[in-house]
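Shown next, in structure tokens, is the structure this report addresses.
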Amino acid sequence: MWLSKASAPKRGAKALRYLWILAQGLSPAILSAQTAPAPVVSVTFKDAIDRAVEKNPSVAAAASGILRAEGLIRQARAATHLQVVGNVTTTTLNRGVEFQGATVTPRHQVTASFSADMPILAAAAWARRAQADEAKAVAELTVADVRRQIAFATADAYLTIITQRRVVDANLRARETAKAHFDLATELEQGGTGSRLNAVRAQQQVSIDEGLVEAARLALYRAQEALGVLIAADGPADAADEPDFAAPSEAPSLLTSRTDLKLFAAEQQAADRIVHDSSRDFWPSVDAIFQPSTTYPAQFFLPANSWRFLYRPTCRCSTAGRARPRECSAKRRSQGLAQRSSARRRRPTHRCAPRGKLWRAATGAWRARAPSPIRPGKS
């Protein structure tokens, strides 16, 4: 009776080990059934960036801003060109006016005229045309900056795939090592030269490494999905090669090589022009107007065909509906601060990005695999 009670825990432990070995044998089949989809395309580093810049919809959306800026330019230029307006008017009175048998004012009358208006002095319109030209330059720099951001995101996803591959390989080797350690600990325990604690520790390490392998595979699949989205593919994309980055001989200037700083400078210049040109809304404008007209039937005291030529000076006295210089100045200051903060925040670093990612991933995997310390007396 005492022997049966003492051998019961051993039989339970053996049954648990057998169940765990059976689960380990079935886990590859289960995992193979739940394997992530294979990448539909494999691209090189250069091809990935070229496809992302060419096919990403964010670039097309930014490029539509150039078309809008061109429309604003045509609209601003139209205000400084010749304006021709035609008009046909039919007039019907309740009764005509006659004097001694002659019609002074006919009851039915048709008048056709057109007006040709040419601005001679239009400082505000000329200023808006220059502002529209600078708005187009800002839109073009916006497209260049969006392309730079898409290229950086594609490069980051591409290098993340390479990094996660190495992390998966490292975790697979760690799992194989942990399995070999567990087999050795189990064999020593069965031979009477090992302890139960070592076998449990080895089994725990195998479970930890299994989790790390699956987590690394998930991160790899997510990076492949991100690359596929960036290059507008029908599914996840894989990295075909490992790029070789040659160090430049000298560091390029920030203002000449970075499109975001160029964009900030162009926006600041456009805001400066708006502030500078705000006073031109008060300048007088002069228009030359030519208006010929014809009337049928003609009135008694007016000729049938006539024309007139006008000089029309105009001066604005109200500021309603006009952008205030104070608001434009505030926008200029905010953009200048954004430019300085961006230049400080995005300084180029000399550390290679893939190496830093590999170091962080390897450190995290090592910390996760490290066994927790066991205090004396707790075993």
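Only the coordinates and a few stated rules stand behind these numbers; no lab work does. Predicted, not measured: the structure shown is a model, and the values here were computed from it. Every residue, glycine among them, receives a Cβ derived from its backbone with ideal geometry; neighbour counts consider all protein chains shown.
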Based on Cα coordinates alone, diagonalise the gyration tensor for the stretch 51-169, multiply each eigenvalue by 5, take square roots, and list the semi-axes in whole Å, largest first. 66, 18, 7
For the residue pair Phe300 and Ser207, what label-to-label distance in nm results when each label sits 7 Å from Cα along the Cα-to-beta-carbon direction? 11.6
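With the contact rule set at Cα under 8 Å and sequence spacing of 6 or more, what percent relative contact order holds for the stretch 68-120?
On the way: 61 pairs, mean separation 22.1, N = 53.
Taking the mean separation of contacting Cα pairs over the length of the stretch 68-120, I get 42 percent.
Nearest 0.05, what FRET efficiency do Thr256 and Gln131 give at R0 = 25 Å with Cβ-Cβ as r? Write out the running numbers ahead of the final one.
Details: r = 25 Å, r/R0 = 1.01.
For Thr256 and Gln131, the calculated efficiency is 0.50.
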Hz values of 3J(HN,Hα) by residue in the stretch 272-279 - Karplus curve (6.51, -1.76, 1.60), Gly and Pro given as x: 4, 5, 4, 5, 5, 8, 5, 6
For Asp241, which sequence-distant residues (separation of 5 or more, or a different chain) have an amide H within less than 5 Å of its own amide H, given hydrogens modelled in the peptide plane? Phe45
Sequence order, the stretch 74-82: Karplus ³J(HN,Hα) from phi using 6.51 cos²θ - 1.76 cosθ + 1.60, θ = phi - 60°, Hz rounded, Gly and Pro as x, gives 5, 5, 5, 6, 5, 6, 9, 9, 5
Extending each Cα 7 Å along its Cβ direction at Leu197 and Trp283, get the distance between those two points in nm, one decimal. 9.1
